[in-house]
Amino acid sequence: MKELATRWEYDDPAFENGIPEDFSIDQSKHSLFGASKLAADIEVQEYGRYFNMPTCCLRGGCLTGPNHSGVELHGFLSYLMKCNLEGREYQIFGYKGKQVRDNIHSLDVPRFMFEFSQAPRPGEVYNLGGGRENSCSILEAFDLTEKFTGQAQKYAYLEENRSGDHICYYSDLRKMRAHYPNWDMTKSLEETIGEIVASWRERQV
């Protein structure tokens with residue numbers, strides 16, 4: 001990892017496009033939530049490979065959009081924007097607020113599912129996230145949100161990070177794009193944030 005002004009970033013050139021599907025998960029810490037997802041992931045792969053069924057495991061980044069009702073520990077973009085519009089304090093858990101996630105608009109998720117259904121493959125695994133181009137740190141998300149709301153973000157910083165939390169994660173989408181070239185993201189990070197802000201404003205009326 002390397003620390004930049006507003007984010008952490010991968011320092012190894014092998015990960016300049018993000019984390020690939022074959023990245024090892026052994027001998028590393030996971031949350032119980034993450035372990036439950038991994039168990040389901042393996043089951044999906046096993047049914048595909050053992051029975052030659054057209055199964056597909058999608059490893060999502062941050063799936064979000066205007067109807068996302070984020071909470072403090074899940075759905076950070078939506079929750080952050082809600083805090084901003086309501087003038088509430090947002091808590092940053094460690095890593096200087098430079099922890100990075102990729103974000104994909106919910107519209108682009110079923111679009112990929114449709115493409116897979118047209119030409120399914122048994123036991124496949126794909127990253128389904130925003131990739132590096134749709135990634136941001138918490139600090140960068142503050143700036144983007146303020147651009148749409150015109151309101152400075154109130155926040156508190158807690159030195160201790162969440163146990164098992166990633167410093168930086170964004171998806172390598174090259175395999176997905178190679179297998180299904182008709183699919184790509186249609187919503188940029190800024191468009192997604194603009195839609196989420198507009199949606200929270202409507203809900204506040």
Given the conditions (1) under 20 Å from Gly48 (Cα atoms); (2) outside any helix (DSSP H, G or I), report the number of the one that Gly130 does not fulfil.
(1)
What single numbered condition from (1) closer than 20 Å to Asn17 by Cα; (2) surrounded by 19 or more Cβ atoms within 10 Å (Cβ to Cβ); (3) among the charged types (D, E, K, R) fails to hold for Lys82?
(1)
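Any residue at all in the range 53-64 that is of a type in the set (Ser, Thr, Tyr), under 19 Å from the mean Cα position of the chain (by Cα) and assigned to a strand (DSSP E or B)?
Checked against the condition, which is being of a type in the set (Ser, Thr, Tyr), under 19 Å from the mean Cα position of the chain (by Cα) and assigned to a strand (DSSP E or B), the range 53-64 yields at least one hit.
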Out of the residues in the range 113-141 that are more than 14 Å from the chain's Cα centre (by Cα), among the small types (Gly, Ala, Ser) and within 21 Å of Asp41 (Cβ to Cβ), state the one that is surrounded by the most Cβ atoms within 10 Å (Cβ to Cβ).
Gly123
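Could you please let me know if Glu160 is charged (D, E, K, R), in contact with a Cys (Cβ under 8 Å, 6 or more places away or on another chain) and in contact (Cβ under 8 Å) with a residue 40 or more places away in the chain?
On the way: charged (D, E, K, R): yes; in contact with a Cys (Cβ under 8 Å, 6 or more places away or on another chain): no; in contact (Cβ under 8 Å) with a residue 40 or more places away in the chain: yes.
Here the answer is no, as Glu160 does not meet what is asked.
Taking the stated definitions as given, is Glu72 surrounded by fewer than 16 Cβ atoms within 10 Å (Cβ to Cβ), of a type in the set (D, E, K, R) and touching a helix residue (DSSP H, G or I) at 6+ places or on another chain (Cβ under 7 Å)?
Numbers: surrounded by fewer than 16 Cβ atoms within 10 Å (Cβ to Cβ): yes; of a type in the set (D, E, K, R): yes; touching a helix residue (DSSP H, G or I) at 6+ places or on another chain (Cβ under 7 Å): yes.
Criteria met by Glu72.
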Restricting attention to the range 142-163, does a residue exist that is buried (at least 17 other Cβ atoms within 10 Å of the Cβ), farther than 19 Å from Met1 by Cβ, of a type in the set (Gly, Ala, Ser) and touching an Asp or Glu at 6+ places or on another chain (Cβ under 7 Å)?
no
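Considering each of Ser69, Ser24 in turn, give the residue that is without any contact (Cβ under 8 Å) to a residue 24 or more places away in the chain, within 30 Å of Ala156 (Cβ to Cβ) and hydroxyl-bearing (Ser, Thr, Tyr).
Working: Ser24 fails: within 30 Å of Ala156 (Cβ to Cβ).
Testing whether each residue is without any contact (Cβ under 8 Å) to a residue 24 or more places away in the chain, within 30 Å of Ala156 (Cβ to Cβ) and hydroxyl-bearing (Ser, Thr, Tyr) leaves just Ser69.
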With criteria (1) within 11 Å of Val197 (Cα to Cα); (2) part of a helix (DSSP H, G or I), Glu43 comes up short on (1)
Is there a residue being within 12 Å of the chain's Cα centre (by Cα) and either part of a loop (DSSP other than H, G, I, E, B) or among the basic types (Lys, Arg) (or both) anywhere in the range 101-112?
yes
Please go through (1) in contact (Cβ under 8 Å) with a residue 60 or more places away in the chain; (2) closer than 17 Å to Arg174 by Cα; (3) outside any loop (DSSP other than H, G, I, E, B) for Gly48 and return the number of the only condition it doesn't satisfy.
(2)
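Every read-out reported here was derived from the displayed coordinates using simple, explicitly stated rules and does not represent laboratory data. Note that the structure is predicted; figures quoted are calculated from it, not measured. Methodologically, a virtual Cβ is constructed for each residue, glycine included, from the backbone with ideal geometry; neighbour enumeration extends over all protein chains shown.
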